[in-house]
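Engineer: Would you mind keeping the following structure in view while I ask a few things?
Every number here is computed from the coordinates shown, using simple stated rules; none is lab data. A quick note: this is a predicted structure, and the numbers were derived from the prediction, not measured. Ideal geometry is used to build each Cβ from the backbone, glycine not excepted, and the neighbour counts take in all protein chains shown.
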Amino acid sequence: MAKVYFLDLRKKYKNNFMEMFEKLVDVSGGMKIVKKNTSSAVKVHFGEDGNLNFVSPLYVRKVVDLIKKSGGKPFLTDTTTLYSGRRFKADTHIELAKEHGFDFSPVVIADGFYGDEYEEINGAKIARLFTNIGTMFCVSHFKGHLVVGFGGALKNLAMGCSSKGGKLEMHSKSKPYVNMEKCTLCLKCFDYCAYKAISKKKSSVEINEKLCTGCGGCMSICPERAIKFKWDAVCSDVQKGIAKYAASFTKDKKIFYINFLINISPNCDCFHTNEPMIAPDIGILASFDPVSIEQASYDMVKEPLDKLYPEVDPTEQLVYAEKYNAGERNYEIEVV
Ligand code: SF4
Ligand code: SF4
């Protein structure tokens with residue numbers, strides 16, 4: 001049974017939260033994986049332009065400082081996105097990361113300038129940089145996700161550490177459609193789609209499934225929430241893909257996971273907009289097991305998540321991840 005360490009931010013402490021966070025990392029032994037004078041990747045999501053919910057750079061800076069203190073050489077990293085926007089290419093992605101406060105450490109985009117640099121590991125298209133990195137701190141924001149129910153460490157490993165081709169593979173069946181009863185024909189989705197998959201007709205917009213990559217970007221840009229996925233086929237396949245990629249990625253790597261149950265938003269940090277939170281802040285979890293930390297995180301936010309996306313069974317990604325030997329669902333909580 002894997003251990004998951006928990007810092008409860010609903011409690012009052014004598015020390016401030018940053019000191020308590022340092023204690024969490026210390027008690028859980030996270031810095032044991034740092035090798036002296038060796039690069040340690042700190043995998044983060046820098047937040048889409050307009051998003052405010054990503055993990056605070058102040059916490060990430062603390063992780064970086066602790067790695068340096070342990071003799072390692074940290075750098076921040078993420079990959080390019082499948083959807084259009086400033087994170088689509090490395091140069092604008094790095095620019096946005098700096099604007100969002102991640103300016104205290106080198107930032108490296110792991111799948112190259114255009115997102116096409118990868119190595120195939122156990123059938124997964126892993127961003128090339130990671131093939132030479134043995135140590136990683138996987139810093140994840142735990143929140144809702146409109147396709148797979150929730151997003152945390154597993155999604156950060158799978159979507160977050162794969163090249164564009166890998167993301168495409170995981171999204172391949174997730175083709176959206178437009179609900180014309182809600183659509184106001186504003187054409188934001190038409191201007192936005194990087195793959196020219198949306199066409200405008202006289203009184204409708206249509207998505208060409210052959211051209212659509214399933215990146216989901218149009219769903220986040222639509223102000224009317226008129227674009228939806230066909231739930232039946234999508235959720236299960238994407239979750240299975242996430243589990244497979246996460247398992248392939250973690251093999252032979254030393255990874256320490258930190259999940260932030262703070263700013264628990266209904267959707268992922270790829271959204272350009274802000275929405276009301278679905279739950280109050282809970283705390284921070286840490287573990288060496290990506291499945292245990294996700295199971296524990298889900299258990300803490302289960303009620304609002306299940307209410308938010310009744311069509312989705314988000315436990316599928318946990319079941320598959322365990323089946324593919326990424327970790328175990330059984331966990332034991334140790335409160336810090
Ligand atoms: S962004 Fe939404 S409301 Fe605007 S045209 Fe596209 S589907 Fe319709
Ligand atoms: S139509 Fe398809 S490819 Fe275009 S933004 Fe939407 S999901 Fe992405």
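Engineer: Compute, for the chain, the length of the dipole vector about the Cα centre, with Cβ point charges of +1 (Lys, Arg) and -1 (Asp, Glu) only. Units Debye, rounded to 20.
Structural biologist: Magnitude of the dipole: close to 400 debye.
Engineer: Most exposed first by the Cβ proxy, i.e. fewest other Cβ within 10 Å, how do SER56, SER297, SER28 rank? Working shown, then result.
Structural biologist: Numbers: SER56 16, SER297 28, SER28 23.
Least to most surrounded, the residues fall as SER56, SER28, SER297.
Engineer: Got a sec to turn the phi values of the stretch 104-114 into Karplus ³J(HN,Hα) couplings, 6.51 cos²θ - 1.76 cosθ + 1.60 with θ = phi - 60°, whole Hz, x for Gly and Pro?
Structural biologist: Each residue of the stretch 104-114 in turn: 9, 7, x, 10, 10, 8, 6, 10, x, 4, 9 Hz.
Engineer: Relative contact order for the chain: what percent, with Cα pairs under 8 Å and sequence separation of 6 or more?
Structural biologist: In percent, rounded to a whole number, it is 25.
Engineer: Same structure again: Roughly how many whole Å is it from the C-alpha centroid of the stretch 259-336 to that of the stretch 181-235?
Structural biologist: First find each Cα centre; the distance between them is then 28 Å.
Engineer: Top mean-square fluctuation among ARG86, ARG61, ARG225, Gaussian network model of the chain, C-alpha springs under 10 Å?
Structural biologist: ARG225
Engineer: Shifting gears a bit: Say the dipole of the chain comes from +1 at the beta carbon of Lys and Arg and -1 at that of Asp and Glu; which of ILE282, TYR309, PHE137 then lies farthest toward its positive end?
Structural biologist: Looking along the dipole axis, the top candidate is PHE137.
Engineer: Restricting to DSSP loop positions (anything but H, G, I, E, B) with no more than 13 other Cβ atoms inside 10 Å of their own Cβ, which trypsin sites (Lys or Arg not before Pro) remain in the stretch 133-189?
Structural biologist: On the way: sites: LYS143, LYS155, LYS164, LYS167, LYS173, LYS182, LYS188; in loops: LYS173, LYS182.
Hits after loop and neighbour filter: LYS182.
Engineer: Further question on the same structure: Within the stretch 299-331, list the GluC sites (Glu not before Pro) lying in a DSSP loop whose Cβ has at most 14 other Cβ atoms in a 10 Å radius.
Structural biologist: Qualifying residues, ordered by number: GLU311.
Engineer: Given only helices, namely DSSP H runs of n ≥ 4 each adding -39500 (n - 2.57), what is the per-residue ellipticity at 222 nm of the chain, to the nearest 500 deg cm²/dmol? Can you show the working numbers first?
Structural biologist: Numbers: 10 runs with 107 residues, N = 336.
Result for the chain: -9500 deg cm²/dmol, rounded to the nearest 500.
Engineer: If you filter the stretch 14-45 for trypsin sites (Lys or Arg not before Pro), then keep DSSP loop positions with at most 15 other Cβ within 10 Å, what is left?
Structural biologist: Listed in order of number, the matching sites are LYS14, LYS35, LYS36.
Engineer: Taking a 28 Å limit on the Cα-Cα distance, which of the listed pairs LYS23/LYS73; LYS3/LYS62; LYS164/LYS253; LYS125/LYS175; LYS89/LYS253; LYS89/LYS302 fall beyond it?
Structural biologist: Cα-Cα > 28 Å for LYS89/LYS302; rest within.
Engineer: Using amide H atoms built 1.01 Å from N in the peptide plane, name the residues 5+ places from ALA279, or on other chains, whose amide H lies under 5 Å from its own.
Structural biologist: Amide H neighbours of ALA279, under 5 Å, 5+ apart: ILE264.
Engineer: Can I ask one more? Say the cut-off is 26 Å between C-alpha atoms; which of LYS68/LYS240; LYS167/LYS196; LYS167/LYS254 go over it?
Structural biologist: The answer is LYS68/LYS240.
Engineer: Something else: Once phi is turned into ³J(HN,Hα) by the Karplus curve 6.51 cos²θ - 1.76 cosθ + 1.60 with θ = phi - 60°, what whole-Hz value does each residue of the stretch 270-285 show in order, with x for glycine and proline?
Structural biologist: Working through the residues one at a time gives 7, 6, 7, 10, 10, 10, x, 5, 9, 7, x, 4, 10, x, 10, 10 Hz.
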